[in-house]
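Report on one structure; see the data block that follows.
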Amino acid sequence: MRWRSVVLGLLLLRLGLQALLALLPALARGLCLHPRLPCPGPRPPALPGLPASAAGRGARLWGAAAGGDEYERRYSGAFPPQLRARLRDAARGMFVFGYDSYMEHAFPRDELDPLHCRGRGPDRRDPSNLNINDVLGNYSLTLIDALDTLAVMGNSSEFQKAVKLVIDTVSFDKDSTVQVFEATIRVLGSLLSAHIIITDTKQPFGDMTIKDYDNELLHLAHDLAVRLLPAFENTKTGIPYPRVNLKKGVPPDSHNETCTAGAGRLLGDSTFEWVARRAVKALWSLRSNNTGLLGNVVNIQTGHWVGKQSGLGAGSDSFYEYLLKSYILFGEKEDLDMFNSAYQNIQNHLRRGREACNEGEGDPPLYVNVNMYTGQLMNTWIDSLQAFFPGLQVLIGDVEDAICLHAFYYAIWKRYGALPERYNWQLQAPDVPFYPLRPELVESTYLLYQATKNPFYLHVGMDILQSLEKYTKAKCGYATLHHVVEKTKEDRMESFFLSETCKYLYLLFDEENPVHRSGNRFMFTTEGHVVSVDERFRSSLWEDILPAGEDSLKAKPSELKAANFSSNCNRVPDERRYLLPLKSNYMRQIDRMVGLI
């Protein structure tokens, strides 16, 4: 019971903090956009080892239809197994180059500077440099974040070596002030994922057991969670402070504003679960009475909304993601009810464009940023984090709408060879021309392929892989694009490149991976960490820790029946598997919308 309690508590802590901290103003992982990459024929260069015909216009190799327009010729038809295997190996090679470069040039520091081949840690000289200090805690972040990617790729020897390094060298007794959200999703989530992989009696990824393992990763996760708990203390709303010092607690000059996505849910150990659920319920109670929407920045003492923008990008994305994923993992019906209500409000107030994705007249569907109280448009930009949303729609069965939104982000990628951090759809130009190797588009591509098995998404993945290899590869790893138009690089490789971007690309092309043979046994966290959907996690400890009168908070496990608000059927028919998921005329419309043609 003790083991289960701690695991559940920490998983919830990871999920809850993820959701809770998304409202943090400083939470947006470095607001950056990627300028546009003028790609004449929206084909990126071939990867090394792949013939130009396979990477360019060699539709015959893909089994594309001989007739049809340019979209059908490029994307329709089968995808040869040999090409898929080579792309899988290329994705693995990308991860290996980045990981090995980090271990050689940066470990035990948090991140790799891929241009200068050196390590990076917190910026002690400038505590206000939140872009760095919110993420880097002087605890070998990249090594920890990459653990389960090693397992998913079947590299048992390196996984075992990495786990032992973490056990022997990592300590959270540091004078480091970190963002609760980032520490939760990157560090806590990875430690729990790796612990579950090690202790899984079925060992689906091969022998990932550790000799004489005594739950050390679980103990590390618990230690970190305890150090994050002060963020939940002394707040009048129960919504946590955005940052905490791992040695001293909440800094005296800490801001009172936090992002919606950061206000998540702790788990297992009753303390963790209680503070997490209290925070989520507090946040949910602050939604607009008129629209049902949440803002993106809230004062944790007064409960007043400092940021009144409601959207699906930075500051809010993870909140919605974890309402659904918390239910899938833990079976709390209340989380599902909140998600269904939130999703309906998103459809009512954020969605613009024609009603159906693949039929009818009008503009393509698009989710915009609005005022949380009125539903009125606040600006004409979207950010790259919103590219996660099609993947979330796949999880609830709204596949048709996911196809349209994904096509919009893919069109932006084709234009620039990357996703600008912020893109102005009215001006058809990036507002922030920066690309830090984010995974959200890859994640949605992977999930749409799993839902439809349409080879179109393998072509998309190949385009992304080629662009990354061409434009971001550096002397020692892969570098952030400082400007997506000019293709200038920035000396930083964030840990999510290894934990998510490389992992989703690899899984997209690895059809036989244990993740795909498990019968939907695994779920991915917002940082791409693998967690088992286990019946043990779907019963609650609330019966033991809440007064009898608080029945509304107790777990009420039920089947997942998320509302589907798409006007079309929620599943792509088998007969459409080798047709374009989106009709050519609508693809062309989206390409025009982003200035690609």
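Looking at (1) touching a strand residue (DSSP E or B) at 6+ places or on another chain (Cβ under 8 Å); (2) not in a loop (DSSP other than H, G, I, E, B), can you tell me which one SER467 breaks?
For SER467, the failing item is (1).
Given the conditions (1) in contact (Cβ under 8 Å) with a residue 60 or more places away in the chain; (2) under 21 Å from PRO581 (Cβ atoms); (3) charged (D, E, K, R), report the number of the one that ASP431 does not fulfil.
So the condition that ASP431 fails would be (2).
Residues are listed down the side, and each one gets a yes or a no for (1) within 25 Å of the chain's Cα centre (by Cα); (2) of a type in the set (Val, Ile, Thr); (3) assigned to a helix (DSSP H, G or I):
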position	(1), (2), (3)
PHE272	yes, no, yes
ALA279	yes, no, yes
ASN289	no, no, no
GLY295	yes, no, no
GLY303	no, no, no
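If I filter the stretch 170-201 down to residues being of a type in the set (A, V, I, L, M) and farther than 24 Å from TYR506 by Cβ, which single residue comes out as surrounded by the most Cβ atoms within 10 Å (Cβ to Cβ)?
Residue satisfying both the conditions and the ranking: VAL180.
Which of the strands (runs of 3 or more DSSP E) found entirely inside the stretch 100-199 contain at least 2 residues meeting this: free of Cβ contacts under 8 Å to residues at least 40 places away in the same chain?
Where strands (runs of 3 or more DSSP E) fall fully within the stretch 100-199 and carry at least 2 residues being free of Cβ contacts under 8 Å to residues at least 40 places away in the same chain, they are 118-120.
What is the residue count in the stretch 370-388 for residues that are surrounded by 18 or more Cβ atoms within 10 Å (Cβ to Cβ) and farther than 14 Å from ASN345 by Cβ?
8
When you scan the stretch 525-544, do you find a residue that is of a type in the set (Gly, Ala, Ser) and modelled with pLDDT of 75 or more, even just one?
Among the residues of the stretch 525-544, at least one is of a type in the set (Gly, Ala, Ser) and modelled with pLDDT of 75 or more, which makes the answer yes.
May I ask you to list the residues in the stretch 409-453 that are among the charged types (D, E, K, R), within 18 Å of TYR586 (Cβ to Cβ) and under 14 Å from the mean Cα position of the chain (by Cα)?
Listed by number, the list is empty, since nothing qualifies.
Select from the stretch 212-244 the residues that are among the charged types (D, E, K, R), modelled with pLDDT of 95 or more and in a loop (DSSP other than H, G, I, E, B) and list them in ascending order.
The answer is ASP212, ASP214.
Consider ASP463 carefully, then state whether it is out of contact with any helix residue (DSSP H, G or I) (no Cβ under 9 Å at 6 or more places or on another chain) and either among the small types (Gly, Ala, Ser) or surrounded by fewer than 24 Cβ atoms within 10 Å (Cβ to Cβ) (or both).
When the stated conditions are applied, ASP463 does not pass them.
Is it fair to say PRO251 is surrounded by 18 or more Cβ atoms within 10 Å (Cβ to Cβ), in a loop (DSSP other than H, G, I, E, B) and touching a residue at least 60 places away in the same chain (Cβ under 8 Å)?
Answer is no for this residue.
Being at pLDDT 95 or above, under 9 Å from CYS476 (Cβ atoms) and not aliphatic (A, V, I, L, M), is that true of even one residue in the stretch 82-94?
No, the stretch 82-94 has no match at all.
In the stretch 127-169, which residues are farther than 18 Å from TYR99 by Cβ, surrounded by fewer than 15 Cβ atoms within 10 Å (Cβ to Cβ) and modelled with pLDDT of 95 or more?
Passing the criteria: only ASP168.
Restricting the search to the stretch 482-528, which residues are farther than 21 Å from PHE434 by Cα, touching a residue at least 12 places away in the same chain (Cβ under 8 Å) and assigned to a strand (DSSP E or B)?
MET523, PHE524 - these are the residues of the stretch 482-528 that are farther than 21 Å from PHE434 by Cα, touching a residue at least 12 places away in the same chain (Cβ under 8 Å) and assigned to a strand (DSSP E or B).
Going through the stretch 468-513 one residue at a time, which ones are among the small types (Gly, Ala, Ser) and out of contact with any Lys or Arg (no Cβ under 9 Å at 6 or more places or on another chain)?
Selection gives GLY477 alone.
The values are calculated or read from the model by the stated rules, or taken from the named source; none is laboratory data. Please read these numbers as outputs of a predicted model, since none were measured by experiment. No Cβ is skipped: glycine too gets one built from the backbone with ideal geometry, and neighbour counts run over all protein chains shown.
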